[in-house]
Amino acid sequence: MSTVVESPARISERKVLQGGLVVGAGLLVGQALGFVRQALIAYLLGTGSQADAIAVAFAPVDLWWAVLSTTLIFGLGPMLAARQPAPFQDLLRQVMRVALSSTAVFLVFAPWFVAVLAPGLPAETAALATRLLRITALAIPAVAWSSLLTTLLYSERRFAFPAFHQGVINLCTIVTAVALEAHNHSSTGFALGYAAGAWIQLAAAHWIARRSVLARPYPPAAIDWSKLLAGPAPVLCYATLIGLNPIVTRALASTHGPGATAAFDYCLKLVGVPLALLVIPLSSSLLTEIARFRLVEDRRAALGAIARAAVLTALGAAVVVFVMMPLSPWAVALLFERGRFSAASTTTVTSILSGFFPILIAWSVVDVISRSLFALGRPRAPIAAAALALVINLAFSTLAPRLSIHWIGAGAILGFVAAAGLMIFHLRRLS
């Protein structure tokens, strides 16, 4: 009686699929709660001045979180997955120093951040956005600590808890905002809930990861920090350049009058949910496998896996776009049009969305290929692509600021299309 033995490649693919399913389930829950949070903002605040203020106040902290988590997971993650000795407590101290410094900067310079992020806001709305930014900035140390713990868990194939990372914060934000609505402090409630949720999530992450932290051996020799940080530095650069794209477009939206900033934020959520579900599960699960391909110098297998992931992601994104585009007015009305979110708000959001939603295809391709190339140790092309996308978006927003609100996302789309083309060309050249 013969025994069938699975090949290492098939086992690897099965592990990628299993990890992707777990991460996808957690992301689905987190994104669903995020949608509830956004729908609650729409219900309570519509596209009014408080909604504009929340959109601006949340933007820099959300960008900081996205940049940090991407940097840690895709910069330090491969080293941890390869079981290279890492001084976790020293890493934590360095990350927390950056987090506390960032919090201080946001607290002190909040008015200047608001002025740059939304130059078109009225003075009263800008003042509210400044207060809310200072509250949400209190979440940064907790987000930093829990992101490092999440990286450690991902590197050990413990996907379940990290996958539900955002769920706790979104849930706490929703509960706090509802609780303070009776006292007419809805906008403050969203900011307070965000900060409180981050600290609650940290407590849970610390409890889950405590054994993994203790199991990490402390290196007996001094750590060469320049070499240790050489991996995360390119990822940090890439994530910052990518994250600045919606910041630029949001700033352009603020010049189109009251409500446009919040309207763009609703559109960004409608793009962000399918983007996260298309990119993060597959890329996070693929991370450890690419690290192993790199260790055995099997570049052909790694590039084949990246190409297949990019094709699948692009096809999925294209289906979502072609289904969503004709249904966007109905979808926006179904998801948001209630309470203070009026039919006029639906018209504004739909107008922006119809010109912005196609970005999903190019953005997802750029993200999947870039994250995989980082895991393969090839950061130059992703950074160049991200810089190209930002430069094109900035040039468009500067040279064509008075176009119809329908076209405020055109600069970002052109930028990401060019970036996707560059990434595909680079991948073919490597093959």
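Values for this structure:
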read-out	value
HN-Hα J in Hz across segment 239-245 - Karplus 6.51, -1.76, 1.60, θ = phi - 60°, x for Gly and Pro	4, 5, 4, 5, x, 6, 4
Pairs of Cα atoms farther than 24 Å apart, segment 323-418, %	38
ARG97, ARG378, reordered so the largest accessible area comes first (probe 1.4 Å)	ARG97, ARG378
Fully extended contour minus Cα-Cα distance, from ARG131 to LEU430, at 0.36 nm per residue	102.7 nm
Accessible heavy-atom area order of PHE109, PHE264, highest first, probe of 1.4 Å	PHE109, PHE264
Whole-Hz couplings from phi, Karplus 6.51/-1.76/1.60, listed for segment 118-135; x for Gly and Pro	8, x, x, 6, x, 4, 5, 5, 5, 5, 5, 4, 5, 5, 5, 4, 5, 6
Solvent accessible area, Å² - TRP199, 1.4 Å probe, full protein context	110
Per-residue HN-Hα couplings for segment 143-151 [Karplus 6.51, -1.76, 1.60; θ = phi - 60°; Hz; x = Gly/Pro]	4, 5, 5, 5, 5, 5, 5, 4, 4
Heavy-atom accessible area ranking, 1.4 Å probe, most first, across SER101, SER146, SER354	SER101, SER354, SER146
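The values are calculated or read from the model by the stated rules, or taken from the named source; none is laboratory data. Because the structure is predicted, anything quoted here is derived from the model rather than measured. In case anyone asks, the SASA skips ligands and DNA or RNA and just uses the protein heavy atoms, side chains included. Shrake-Rupley method; radii C 1.70, N 1.55, O 1.52, S 1.80 Å.
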